[in-house]
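Notes follow once the structure below has been shown.
Values quoted throughout were computed directly from the atomic coordinates according to the rules given, and no laboratory measurement underlies them. These numbers were taken from a predicted model, which means no experiment stands behind them. Cβ placement follows ideal geometry from the backbone for every residue including glycine, while neighbour counts extend to all protein chains displayed.
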Amino acid sequence: THPMLKFDKLLFLKRPGGGYGHTYADQQIGGSGGNLCVLSPVSPDGKVTTLVPELDGGLFDRFDLSFDAKKVVFGYKQPGGSFRIYEIDLDPKAGKMIPGSLRQLTSGGDDEAEIIKCNDVSGRCRSGGFSDMDPCYLPDGRIIFVSTRSMRKAFCGSGGSTTLYIMDADGSNMRCLSAGPINELSPCVMNDGRVLYTRWEYVDKGLGNGESLWVIRPDGSGSDHVYKNNTVWPAGMSSARGIPGSRKIVTIGGGHHLTAVGTVVLVDARRSRRT
């Protein structure tokens, strides 16, 4: 009944629930099944349409809708594979993918498996390729995302660390934006054009409350802490987004040793950035 919800199509992600894990590794573990779907009309008796039936059987990661609602970019992996970034063209009025528009934007080179083998001294890589996840459109048409291509490892636990990357709209000119040693997740464009994301780091805090909100410019400059330093609850914050017309942030508060789900939280960093 809210006036802001008077639209007839809702794009959403359907995927299986994850088991026990860490917030930083939740995306890389997962299972199989699910898809990108559209609900229309937006009501309990609405019809659900699968957008990308060609990819049934794999695991879908977070998606982003382009500013003109004509494209969707998302992460996806085949069973036993690693996440790559894909894109489709969308017919907004019909709420369907334009046939033949599915394209893969990131892939591994011929030397990818050998690079991982030579650098994976701990033997903890979960697949034979890098994982590219959490894609987000930037206003200039480029895409920011996170990837294990930086060959960094979490200080504890399994799986490679994801680091902020940027690329052109067609997947070319890929480069790493961050020197962060451990996981960075869920980039999202804020109202002022900066990119909000979750960064896990141990500086001046205990191990169980290290996933806080940070911000960076799309060119990699201006990295700054936004909220939560030693705040014990929530231990982690994920999937943060700026609220249009507001300086507040909406995010998901959860535990460190849980999947990346939890309570919906409003943050006003003007009141305090650390408590």
For Val38, net neighbour charge (Lys/Arg +1, Asp/Glu -1) across residues whose Cβ lies under 9 Å away: +3
Surrounding net charge for Leu266, when Lys and Arg each add one and Asp and Glu each subtract one, Cβ distance under 12 Å: +3
FRET efficiency, Val264 to Met174 (Cβ-Cβ, R0 41 Å, nearest 0.05): 0.80
Inter-site label distance for Cys156 and Glu112 at 7 Å from Cα along Cβ, in nm: 3.1 nm
Around Arg199: net Lys/Arg minus Asp/Glu count, Cβ-Cβ under 11 Å: -3
27 Å Cα-Cα reach of Lys14 towards lysines, excluding residues that sit fewer than 8 places from it in its own chain: Lys6, Lys47, Lys70, Lys71, Lys77, Lys93, Lys96
Aspartates and glutamates whose Cα lies under 13 Å from that of Lys228, excluding same-chain neighbours fewer than 8 positions away: Glu201, Asp204, Glu211, Asp268
FRET efficiency estimate (nearest 0.05) - Cβ-Cβ, Arg241 to Asp89, R0 22 angstrom: 0.35
Highest-first arrangement of 80-86, 214-220, 63-69, where packing means the average Cβ count within 10 Å: 80-86, 214-220, 63-69
